[in-house]
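Q: Encoded as C-alpha cells, here's the structure I'll be asking about.
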Amino acid sequence: MFYRENGQFKTSYKADQQVFAIPQDRWAILALVVFAFVGVPMLVDEYMFRAILVPFLILSLAALGVNILVGYCGQITLGAGASMAVGAYAAYNFMIRIDGMPALASILLGGLMAAAVGIVFGVPSLRVRGLYLAVATLAAQFFCDWAFLRIRWFTNDSSSGSVSVPDISLFGWTINSPTDKYLFCLGILVVFSLMAKNLVRGNMGRQWMAIRDMDVAATVIGIRPMYSKLTAFAVSSFYLGVAGALWGFVNLGSWEPAAFSIDRSLQLLFMVIIGGMGAISGSFFGAAFIVILPIFLNQMLPLVGSLFGLEVSIALVSHVEFIIFGSLIVFFLIVEPHGIARLWATGREKLRLWPFPH
Amino acid sequence: MSGRKIGEVILDLKNISLSFGGVKALQDISFNVLEHEIRAIIGPNGAGKSSMLNVINGVYTPQQGEIIFRGQHHANMDSYGAAKAGLARTFQNIALFKGMSVLDNIMTGRNLKMKANMLQQAFWFGPAQREELEHRAKVEEIIDFLEIQHIRKTPVGRLPYGLQKRVDLARALAMEPQILLLDEPMAGMNVEEKQDMCRFILDVNDQFGTTVVLIEHDMGVVMDISDRVVVLDYGKKIGDGTPDEVRANPDVISAYLGASH
Amino acid sequence: MTTANILLNVNSIEVIYNHVILVLKGVSLSVPDGSIVALLGGNGAGKTTTLRAVSNLLHGERGEVTKGSIECRGERIEALTPADLVKRGVVQVMEGRHCFGHLTIEENLMTGSYTRTDGKAAVAQTLEKVYNYFPRLKTRRTSQAAYTSGGEQQMCAIGRALMANPTMVLLDEPSMGLAPQIVDEVFGIVKDLNQREKVTFLLAEQNTNMALRYADFGYILENGRVVMEGAASELANNEDVKEFYLGISSGERKSFREAKHYRRRKRWLA
Amino acid sequence: MSGMLYSLVALGFVLIFKASGVFNFAQGAMVLFAALAMARFSEWIPDWLGMENLFVANLLAFAVSVVIMFVVAWLIERLALRYLVNQDGATLLMATLGIAYVLDGIGQTIFGSDIYKIDVGMPKEPVMMLESVFEGGILINKEDFIAALIAALLVISLSIFFQKTATGRALRAVADDHQAAQSIGIPLDRIWVIVWCVAGITALVAGIIWGSKLGVQFSLSTIALRALPVVILGGLTSVPGAIIGGLIIGVGEKLSEVFLGPYVGGGIEIWFAYMLALVFLLFRPQGLFGEKIIDRV
C-alpha cells in the first residue's frame, strides 16, 4: 500500500535519470546508510564486526570490481585474486618505502597499481573471448601467486612471503578498534558504490554493456572495443586493488600470498553470480551471502547433527560446506541466472502492482 | 513529396573484390550512391549483399578495390572510422544489446558525440550530467519519431521482433548519420508493419536528407521506395538502374525475380 | 470438419514466459489430417509461441503452458518431451533455420533420422527422397552448413525435419529473409510434400500473400488471441485482411510510398 | 612425461566441450572423485570379500568405479544440466564450477580426505627404447609408455565414435545448437548422460594413472587447472589436439624449469604453461587443431 507511485510525476529527464527514481527507494536507502553509520556501531559486538561486517564490506567492494568486469562488460575473470594481491602488496610497498606516506594514499595508489597491471592482463581480451579469456586471466592469477612468493623485493625480503603492517591512521584518527575499521571500510564502500553506479548508468557503462551484449554491433556504432574493455579491466582492477589493500591492512594486518589465491578469485566470482550479474546491489547481496553462509553452517550443522545423535566433525562441516555451496551455485543459475538482485527486483515489481498479479 | 534534392555522388565503390578462404563473395563490383537518394541492393540469398554492406562500413576489408566517401579515398575503413565518418547501419539478424533497455540502446548511438571523461562520469558532475541530459533530449526526439515511447524502459530482449527492428533503426538514427545502411529492415514483417517501416525510412530520407542504402527482398517495397537499384548475383553485379529499368532487365528476371513478378 | 480426422487440437492454451509475461491468452485451433494450416499475424502476435507450445520447445525460453490442453490424435501431449513428439511424427522447423553450422549438409540431414528405428536402408531411402525434393542440397552435401546460403539452409532445415518421416511438420517462418524466387520454390515443395507424401503442415508465416495462396485454412493471431479464422480463400477476400495483411485497398495494391501517417485502425469483430 | 597425463585430463575437457558445448570445469573434480572411488574400493573389496588376489580386486574396484561414474553422470544431467538447456556458455561454465564443488565435497565425505594409494601393478622400472635406431636410445618409463598407449587407444576409439556413428553425429549437433537438436528429436537428456559417462570414464582412467604415480589426494582436483592450457593450446574441439598439446606443455614445463628456472628463483612451471598458452592464443585463437570459429554478421 505504501509502495505506490501514484501522484508522483517526472517532469524532467533529470528526475527520470536519478539513481533511485522512486522517492520511497531514495529515503529507504538513505535511512539504511545512516543506520549503518550510526545505528550499527551501537548495536553490534566486536565479534560481529571482526567476523562478519568488516569482511563483508571489503568483499562487497571486491565484488563490485568483479561485477563491473564480468557483469557489465561480460569478460569472465578468474584472476580477481591476483588484482587484490597486486593492490595489497603495492600498497604495502608504497607504505614502507616512502616515508610519511599516508595510509589512505598508499591504499589508493595500490589500487592504481592494480589497475595498471589489470590493463596489461586485459590485453588478451582484445583477441580472445569467453572461455579462452577465463584461461588467460588464470595465467595472471598463477603468475601473481608465484611472483609474490618468489620475488623477494615485493615482500621486503621476508622469506615466507608474509608481510605485516601496523595499525593505520587517517588524519590523526588511528584505526585500531573493530568499530573504527568498520566505519573506515563503510565510508570507502559508500563512496565507491556511488561512483560505480554513476559509471554504469552513464556513457561508460553503456559502452561496457554494449561490448558485453554484442561486440560487432558496438564497433559499428563507434565504440572502440579496445578502449571499453581496457577501461573495464582498469576500473575493475582498481576496485579489486583497493579491496585487496583493505583486506591486508584492515582485515588481516599481516598476510601471505595465499590470502589472494585462486580460491579467492572463485569466491568473488560466485558472489557475483549469486548476488546478480550486472547489478550493483548484487555485489552486496552476494558478499553478504558468502560471508554469512560458512558461519551459519558452522553453527548449524553440529546442532542438526546432534538432533540425530551424530557427531559432526570439523572436516565434515567443511565438506558439507562445499556441497551446499556448489549446489547453491547451480541452483541459482537454474532458478534465477540474474541472482538475488533480480529476485529482489521482481519482488519490488510485484509490490508495486500488488494486489494484481500482472 | 517535399523538396528532397538528389545531389552529387557521396559514396563511390570501385572494383571491390572480397573472398573468404577461397570463396569469392564479391567480384569486381562498382557502383555509386548519390547524396539524399534511396539506393537498394537486391539479389538472391548468398549473392553477397550483406558482405557488400560489411565492406562499406568496414566490418570486412576487401582484397581489392577502393571506397571513395565524400571525395576521400579509403583502401579500407575500420568500423570505428566508418562510424566516425557518418555511416550507420542496422543488421539483418538484429544486433541489439539484449541486456539493456530500449533507451540505453539508443543512447549508445550517441556515444561518439559524448565527451565527458571517466572521472567526471564517476562523480556525475558538471559536463557529464549536462551532456547526459542533452543527449537524452535528442534521443527522446528519435523515440517520438519512431513511436516507441511506450517501450522506453523495456529491456530489448523482451520485445517482439518488429519492435526490435525499429529500435535497431532508432539506434542507427541516433548517430545522425550521413548514410544509413539498412540490412533487410523489413524481413519477417507483415504488410502493415512494412508500411510503417517504409514511412519511417521515407521520412528520415525526406526530413533529415539522410542517404539510404537498403537491402530488401520484398520487391513491392524496393520498387516503390527506392530511387535506384543494384542487383547482385553470386558476387557479381548483374543490373543497375531505376526500378523500372531493373524490372525489365532479362538477366535480373532470370536470376532473381522469376517470371511471376 | 469432423473430429475424426483432426490431427492436432489446441484448446485455449495460455503461455507465460519467465512466470510474468503472458504471451498467449487462450489460443484454440485444430489441424485436420493432410491439410496445410496457416497461422498469420504480426510480430509478437504469438505464432512462434504457439508452435513451440505444440512441439514442447518452450522450456529453453523459460516459458510454460499454464492453461488449456494440446491433443494429438486425441492424446494429450503437453507433458511429452520434444523427442517423444518426433517419435509420434510431429517435428518443428524452427524460425531462423538453426542448421548445425559445423556439420555438413548431409550430416545435418542425417541427424534428422536420429529417432528412426526402421533401419539403415529405410533411412537411406528417405535421404534419397529428400535429395529428390531438394536437388540443390545434393550438390552441396559436403559443405559445412554455416557456409551455405540462407535458402540452402532453409531447405536443409526442412529436409532435416523430413528425415524423421513426420506426419506433421510445424514450419516457422519459412520465407523469412529469402529471395522471392526461393520463397516460391520452398512453398512449392511444401505443397508437393503435402499432396504426394500426405504430410500435414502447420505454418506460421508473415508473408500472408504466399501463405494464403498455399494453405487450406488460416488463423489470424493478434496479441496472443485468435481474432479471425476461416478457409484460406475466405480470408483472402476479407476486406480487413486485404488491407492490413495483403496491402490491397479498393481493389488494387497500394504503393508503399503512399503509406499514410494516420490511417484507419483495424477493427476485428469476427 | 607428465604431459601424457595432462593429455588424458585434457581429453575429458575436449570430449564434453565437443559434444555439448559445455566447458567442464568439474573435470578435475571428476578425476579426483574417480580416483578416490578406485583407491577406496580396491582397499575395501578385498576386506569385504576376504580375498587376496590383487588383480581381481582391482578389476572389481574398477567395475564399481565405472558404475559410480555413470551414476554421477546421470545425477548431473538429472539435477543440473536438464534445467540449463539453451543457456549461454558462461552460465554453463559456472554451473560446472558449482558441480566441481559438490563433487569435491561428496567425494571427501564418502571416501575420506587422507592420502590413498592405487596399486594396479603398473611396472615402474624404466626401459631403453629405440636402441637400434640411434645410439643410446631413449630412456622411457614403462609406466608412461603404458599411459601413452592407453591414451592413444582412447583417442582412436573416440574419434571413430564421433565421426562415424549416429550418436556421435547427434553429439556434435547438440554442441552446435541445443534447441535445434531438440526440435528434430535428439533427446538432450540421454545425449548428455552419454557424454558425461564417457567423460567419467576418461576421468577414471586419468585418475588411476595419476593416482598410481602420485597417490590420491585432494590436490588431484587442481590438476584440472594444469590441464587447461593444454586444451587451449590444442584447441577446444580437437581430440588429437589434446594429446599433442599435452606433450608440448609437459615438455615445455620441464624445459622451462631447467633452463629458465634458476634465473628467476624456480617454481615457474605452474604459470609457464599458462603463459605459453596465452602467447599462443594471441596468434591463433582457435588453438592448434581447433575448428575455426564461424562468426557471421
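Q: Compute the relative contact order of the range B:96-175 as a whole-number percentage, counting only Cα pairs closer than 8 Å that sit 6 or more residues apart in sequence. Can you show the working numbers first?
A: Values: 77 pairs, mean separation 43.3, N = 80.
Reported as a whole number, the value is 54 percent.
Q: Only Cα pairs under 8 Å and at least 6 apart count here; give the relative contact order of the range A:21-258 as a rounded whole percent. Don't jump to the answer; show the numbers that get you there.
A: Numbers: 335 pairs, mean separation 91.1, N = 238.
Rounded, it is 38 percent for the range A:21-258.
Q: Taking chain A as a Gaussian network, Cα atoms linked when under 10 Å apart, which of A:R129, A:R264, A:R26 shows the biggest mean-square fluctuation?
A: A:R26
Q: Show which lysines lie in cross-link reach of D:K213 when reach means a straight Cα distance below 28 angstrom and same-chain residues fewer than eight apart are skipped.
A: Candidates past the 8-residue exclusion: D:K117, D:K124, D:K142, D:K254.
Q: Sticking with this structure for a sec: Could you tell me what percent of the DSSP beta bridges with both partners in chain B are antiparallel, to the nearest 5? Each step should come with its number before you reach the end.
A: Values: 22 of 38 bridges.
In chain B, approximately 60 percent of DSSP beta bridges are antiparallel ones.
Q: Got a sec? Charge dipole of chain B, +1 on Cβ for Lys and Arg, -1 for Asp and Glu; which of B:A83, B:A187, B:M52 is way out at the positive end?
A: Towards the positive end, the residue furthest out is B:A83.
Q: So, one more: Could you please report the charge total around C:S233, scoring K, R as +1 and D, E as -1 over all other residues with beta-carbon less than 12 angstrom from its beta-carbon? Display every interim value, and only then the final one.
A: On the way: positive: C:R213; negative: C:D216, C:E234.
Spelling it out: positives minus negatives among the neighbours equals -1.
Q: At 7 Å along Cα-to-Cβ for each site, give me the label-to-label distance between B:K113 and C:E128 in nm.
A: Label at B:K113, label at C:E128, 6.5 nm between them.
Q: I've got another one for you. Between B:E141 and A:W27, what's the calculated FRET efficiency when r is the beta-carbon distance and R0 is 41 Å? Round to 0.05. Mind dumping the intermediate values first?
A: Numbers: r = 34 Å, r/R0 = 0.82.
Efficiency at R0 = 41 Å is approximately 0.75.
Q: Output needed for the range B:96-175: three equivalent-ellipsoid semi-axes, defined as square roots of 5 times the C-alpha gyration tensor eigenvalues, in descending order, whole Å. Each step should come with its number before you reach the end.
A: On the way: eigenvalues 115, 32, 21 Å².
Semi-axes, largest first: 24, 13, 10 Å.
Q: Would you calculate a helix-derived [θ] at 222 nm for chain B, using -39,500 (n - 2.57) for each DSSP H run of n ≥ 4 and dividing by the full residue count, to the nearest 500? Let's see the in-between values first.
A: Details: 9 runs with 91 residues, N = 261.
Using -39500 (n - 2.57) per qualifying helix, the result is -10500 deg cm²/dmol.
Q: Would you mind computing the Rg to Rh ratio of the protein assembly as shown from its alpha-carbon coordinates, Kirkwood style for Rh?
A: For the protein assembly as shown, the value is 0.98.
Q: How about B:K115: which lysines have a C-alpha closer than 20 Å to its C-alpha, ignoring those fewer than 8 places off in the same chain?
A: By straight Cα distance, B:K115 reaches A:K14, A:K197, A:K229, B:K84, B:K138.
Q: Using a 10 Å cut-off around each Cβ, can you sort A:D16, D:D47, B:D104 from fewest to most neighbouring Cβ atoms?
A: On the way: A:D16 15, D:D47 9, B:D104 21.
Fewest-to-most Cβ neighbours within 10 Å comes out as D:D47, A:D16, B:D104.
Q: Using a Förster radius of 45 Å, what is the FRET efficiency between A:N298 and A:L343 based on their Cβ-Cβ separation? Nearest 0.05, please. Write out the running numbers ahead of the final one.
A: Values: r = 26 Å, r/R0 = 0.57.
For R0 = 45 Å, the calculated efficiency reads 0.95.
Q: Mind putting a number on the dipole of the range A:21-258 about its Cα centre? Charges go on the C-beta only, +1 for Lys and Arg and -1 for Asp and Glu, and I need it in Debye to the nearest 20.
A: Values: 14 positive and 11 negative charges, 163 e Å.
Taking the Cα centre of the range A:21-258 as origin, the dipole is about 780 debye.
Q: Find the centroid of the Cα atoms in the range D:142-162 and in the range C:135-160, then give the distance between the two in whole Å.
A: That distance is 36 Å.
Q: Any of C:K87/C:K120; B:K237/C:K138; C:K67/C:K242; C:K120/C:K198; C:K129/D:K18; B:K49/C:K129 with alpha carbons more than 21 Å apart? Name them for me. Could the numbers behind the result be given before it?
A: Values: C:K87/C:K120 17 Å; B:K237/C:K138 27 Å; C:K67/C:K242 33 Å; C:K120/C:K198 23 Å; C:K129/D:K18 31 Å; B:K49/C:K129 32 Å.
Result: B:K237/C:K138; C:K67/C:K242; C:K120/C:K198; C:K129/D:K18; B:K49/C:K129 exceed 21 Å.
Q: Over the whole of D:99-111, what's the average partner chain Cβ count within 10 Å per residue? Rounded to a whole number, please.
A: Working: counts 4, 4, 12, 9, 3, 5, 11, 5, 3, 6, 7, 1, 0.
Counting Cβ atoms of other protein chains within 10 Å of each residue's Cβ and averaging gives 5.
Q: What's the average, rounded to a whole number, of partner chain beta-carbon atoms within 10 Å of each residue's beta-carbon in B:211-220? Don't skip to the end; give the middle numbers.
A: Details: counts 0, 0, 0, 0, 0, 0, 11, 4, 2, 7.
What the average comes to for B:211-220 is 2.
Q: Still on this structure, I have one more. Quickly work out the B:K153-to-D:T165 label distance, labels modelled 7 Å from Cα along the C-beta direction, and quote it in nm with one decimal.
A: That separation, rounded to one decimal, is 5.5 nm.
Q: Using a simple spin-label model with points 7 Å from Cα along the Cα→Cβ vector, what separation in nm is obtained for B:R70 and C:N238?
A: 5.1 nm
Q: Could you state the orientation-averaged shadow area of the convex hull built on the Cα atoms of chain B, in nm² to one decimal?
A: Working: hull surface 61.2 nm².
With every direction weighted equally, the projected area is 15.3 nm².
Q: Nearest 500 deg cm²/dmol is fine: what mean residue ellipticity at 222 nm does chain C get from its DSSP H runs of n ≥ 4 alone, each adding -39,500 (n - 2.57), divided by its residue count? Walk me through the intermediate numbers first.
A: Values: 9 runs with 84 residues, N = 270.
Value at 222 nm, helices only: -9000 deg cm²/dmol.
Q: Taking the radius of gyration and the Kirkwood hydrodynamic radius from Cα positions alone, what is the Rg/Rh ratio for the range B:168-235, to two decimal places? Provide the component values of the computation, followed by the final result.
A: Working: Rg = 12.0 Å, Rh = 12.6 Å.
We get a ratio of 0.95 for the range B:168-235.
Q: Let me ask something else about it. Sort out for me the Cα centre separation of the range C:14-72 from the range B:221-260, rounded to whole Å.
A: After rounding, the separation between the Cα centres reads 39 Å.
Q: Out of the DSSP beta bridges found with both residues in the protein assembly as shown, what percent are antiparallel (nearest 5)? Working shown, then result.
A: On the way: 60 of 94 bridges.
DSSP beta bridges in the protein assembly as shown are roughly 65 percent antiparallel.
Q: Additional query: Give me the compactness ratio for the range C:52-164, meaning the Cα radius of gyration over 2.2 N^0.38 Å. Write down the numbers at each step before the final one.
A: Working: Rg = 15.4 Å, N = 113, 2.2 N^0.38 = 13.3 Å.
The value comes to 1.16.
Q: Between helix B:127-145 and chain B, what is the angle of the helix's C-alpha long axis to the longest principal axis, kept within 0 to 90° and rounded to the nearest 10?
A: 50 degrees
Q: Turning to a different aspect of this structure: As a test of the definition: which semi-axes, in Å, follow for the range A:21-258 when you take the square root of five times each eigenvalue of its alpha carbon gyration tensor? Largest first, please.
A: Listed largest to smallest, the semi-axes of the range A:21-258 are 30, 26, 14 Å.
Q: Can you sort C:M176, B:M197 from fewest to most other Cβ atoms within 10 Å of each residue's own Cβ?
A: Details: C:M176 21, B:M197 24.
Listed from fewest to most nearby Cβ atoms, that is C:M176, B:M197.
Q: Here is a further query. What translational diffusion coefficient, to the nearest whole µm²/s, does chain C have by Stokes-Einstein, given a Kirkwood radius computed over alpha-carbon pairs, a temperature of 37 °C and 0.692 mPa s viscosity?
A: On the way: Rh = 19.4 Å.
Answer, rounded: 170 µm²/s.
Q: Calculated from DSSP H runs of 4 or more alone, at -39500 (n - 2.57) each and per residue, what is the 222 nm mean residue ellipticity of chain A, nearest 500?
A: Details: 15 runs with 234 residues, N = 358.
The per-residue figure over chain A is -21500 deg cm²/dmol.
Q: Once the piece of chain linking C:S69 and C:R141 is laid out straight, how much longer is it, given 0.36 nm per residue of separation minus the C-alpha distance between them?
A: 21.9 nm
Q: Longest exposed-loop-site-free stretch of chain C, with GluC sites (Glu not before Pro), DSSP loop and at most 16 other Cβ within 10 Å? Please list the in-between numbers first.
A: Numbers: sites that count: C:E78, C:E197.
Looking at chain C, C:79-196 is the longest stretch - no exposed GluC sites (Glu not before Pro) with at most 16 other Cβ atoms within 10 Å.
Q: Could you check what % of the DSSP bridge pairs in chain C are antiparallel, to the nearest 5? Can you show the working numbers first?
A: Values: 28 of 46 bridges.
Close to 60 percent.
Q: For the protein assembly as shown, what is the charge dipole size about the Cα centre, in debye to the nearest 20, if Lys and Arg each add +1 at the Cβ and Asp and Glu each add -1 at the Cβ?
A: Computed about the Cα centre, the dipole is about 1340 debye.
Q: Averaged over C:105-111, how many beta carbons belonging to a partner chain fall within 10 Å of each residue's beta carbon? Numbers along the way, then the final one.
A: Details: counts 0, 0, 4, 5, 0, 4, 13.
Mean number of neighbouring Cβ atoms from other chains: 4.
Q: Could you please rank B:F208, A:F184, placing first whichever residue has the fewest other Cβ atoms within 10 Å of its Cβ? Intermediate values should be presented prior to the final figure.
A: Details: B:F208 15, A:F184 21.
In increasing order of surrounding Cβ atoms, one gets B:F208, A:F184.
Q: Right, something else. Using the Kirkwood radius built from alpha carbon pairs, what does the Stokes-Einstein equation give as D for the range D:1-105 at 20 °C and 1.002 mPa s, in µm² per second? Mind showing how you got there, number by number?
A: Details: Rh = 15.2 Å.
Roughly 141 µm²/s, to the nearest whole number.
Q: Which FRET efficiency value, to the nearest 0.05, do you get for C:R257 and B:Q63 by plugging their Cβ-Cβ distance into 1/(1 + (r/R0)^6) with R0 = 30 Å? If you can, show how the numbers build up before the last one.
A: Details: r = 39 Å, r/R0 = 1.29.
In this case the efficiency is close to 0.20.
Q: Still on this structure, please answer the following. Given the options A:G244, A:G222, A:G276, which has the most mean-square fluctuation in a GNM of chain A, springs set between C-alpha atoms less than 10 angstrom apart?
A: Maximum among the listed residues: A:G222.
Q: Of the residues C:G60, C:G150, C:G74, which exhibits the maximal mean-square fluctuation in a Gaussian network model of chain C defined by a 10 Å Cα contact cut-off?
A: C:G60
Q: Follow-up. Return the Rg/Rh value of the range C:105-183, two decimal places, where both radii are evaluated on C-alpha atoms and Rh is the Kirkwood radius. Provide the component values of the computation, followed by the final result.
A: Details: Rg = 12.4 Å, Rh = 12.9 Å.
Value, to two decimals: 0.96.
Q: I've got another one for you. Report the local net charge at C:V199: Lys and Arg +1, Asp and Glu -1, summed over other residues whose C-beta lies under 12 Å from its C-beta.
A: Working: positive: C:K129, C:K191, C:R196, C:K198; negative: C:D33, C:D192, C:E197.
Every neighbour counted, the sum reads +1.
Read-outs: derived from the displayed coordinates by stated rules, not from any lab. Owing to the predicted nature of the structure, the values given are computational and were not obtained by experimental measurement. Please note: Cβ atoms are built from the backbone with ideal geometry, for glycine as well, and neighbour counts cover all protein chains shown.
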